[in-house]
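Here is the structure we will look at, set down as structure tokens.
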Amino acid sequence: MKNSRARQSAISRRFAAPYVRVWQLAWPMILSNITVPLLGAVDTAVLGHLPSPEYLSGVAIGASVISMLLWAFGFLRMGTTGLVARAKGDRAGAAWLLRALCLAVVLGALLLVLASPLLSLITHWMNASTEARPHAHDYLQIRLLSAPLALANFALLGFFIGRQDSRAPLMILVIANLLNILLDLILILGLDMGARGAAWASVSADLCGFTMGIWLLRQRHRPALEEMQAVLNRADFWPWRNGGPWYELLRINTDLFIRTCLLLFTLTFFTAQGAAQGDTMLAANAILLQLLMMTSYALDGFAHATESLVGRAIGRGSMAQFKRTNAAAGTWALASAVLITLVLIAGENWILPLFTNIPAVLSASGEFYPWLCALPLVAVWSYQLDGVFIGAGKSRQMRDTMFIATVMVFLPCWWFTRHWGNTGVWFSLFLWFVARSTGLMVYFCNYTKNNYWR
């Protein structure tokens, strides 16, 4: 009898272990991820309570553009996570982190130099109104100053997630974003700096995040930092002496770059179509998009946990661990999506007034709020399966799915429903998420069935 109970207890612990481990990794990432769109949400809420919607419209456009420009290089986070997760120990992942940091600084500097002269053209292309355009231009001009630091932060976060250290990103993002919120209140409301104040607050947060990241690397992963210092002294580290690893880094991340560009194009196009319908509709869509980003970042916490655990399973060649990880993470993600949907439905009357007290914007936001409530249940699988494919290093499938969803679903749907106005834009975005989730699910089922991951 005792042996039977012991066996049952062991089976229960083995069954529960993946769920516990996923939660241990996910909850810090959920909290830290929520702070990212919280920055935009605070900007939106503070500016939304100024007398005119042109401030909110200008920052909405500026934030959308800077997201497109910076997040296009999000492969520095995703690619680093996968490479480090499949590596053996801190020292093995140190060289990948150092390469990613070097690449981040170079790309960030190029972005600053090349994008600055084009800001007027960019704001014009985004259909910004005459009143909102100067605010968008000022916001972008200031935000670009921290581009190298913002991209370097992607690489640092990727390393920490790949090493299953989810507490470090939590500390980095929470402290940096609390600073951003404080500076928002001081610079926008206290000093009446408007869009410039929002931009300088975000630049300060980027600098704070990078400083915290280097400090945590020293405190929590000293062997990796020491290895990075040793690698710098080796002649064969640099691409002109040994281009193989650098080529591998670029090759892996090219698909992620294309995929991210398509994603950001869709969201930027969505914002631009709202701008074409006037400042009120643009402001309403900005509020709903901020809420959508908050839900997606929260659900991404489970995807980030999946990235590191799947990468570890692939590195060890364990198909059983791979399956247990996905079952546990998928269950957590679906339950969270249901909870988020219920909270959104129940909290409409107090959520929207947090962002604006302008009657026209509040009314327009409420009209399209049901679309927001429906999206988490559809989009959750696109987020979760992204984590699987990043951890396994299968970026081509992510690229192909995003291409189909954007070029073959979203854009044609928008074209045929453009006479519906803003309803057509939201309907197209909904189908875009459906296409992403469906495409990744097909790939996932096919490959697991054929033991592709072994």
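Note on the range 288-380: enclosed helices (runs of 4 or more DSSP H) holding 2 or more residues that are open to solvent by less than 30 Å² (accessible area, probe 1.4 Å), among the small types (Gly, Ala, Ser) and without any contact (Cβ under 8 Å) to a residue 60 or more places away in the chain are 319-346. Taking the condition open to solvent by less than 10 Å² (accessible area, probe 1.4 Å), assigned to a helix (DSSP H, G or I) and on the phi < 0 side of the Ramachandran plot, does Phe210 pass? It is false that Phe210 is open to solvent by less than 10 Å² (accessible area, probe 1.4 Å), assigned to a helix (DSSP H, G or I) and on the phi < 0 side of the Ramachandran plot.
Go through the range 381-413 residue by residue and tally those that are open to solvent by 40 Å² or more (accessible area, probe 1.4 Å) and not in a helix (DSSP H, G or I). Total satisfying the criteria: 1.
Looking across the range 166-183, the residues that are out of contact with any Ser or Thr (no Cβ under 7 Å at 6 or more places or on another chain) and either in a helix (DSSP H, G or I) or open to solvent by 40 Å² or more (accessible area, probe 1.4 Å) (or both) come down to Arg167, Ala168, Met171, Ile172, Ile175, Ala176, Leu178, Ile181, Leu182.
Restricting attention to the range 261-287, which residues are of a type in the set (Val, Ile, Thr) and open to solvent by 10 Å² or more (accessible area, probe 1.4 Å)? Selection gives Thr271, Thr280.
The values are calculated or read from the model by the stated rules, or taken from the named source; none is laboratory data. This is a predicted model, so every value here is computed, not measured. Virtual Cβ from ideal backbone geometry, glycine too; neighbours counted across all protein chains shown. Remember, those area values only see protein heavy atoms, side chains included, never the ligands or the DNA or RNA. Shrake-Rupley method; radii C 1.70, N 1.55, O 1.52, S 1.80 Å.
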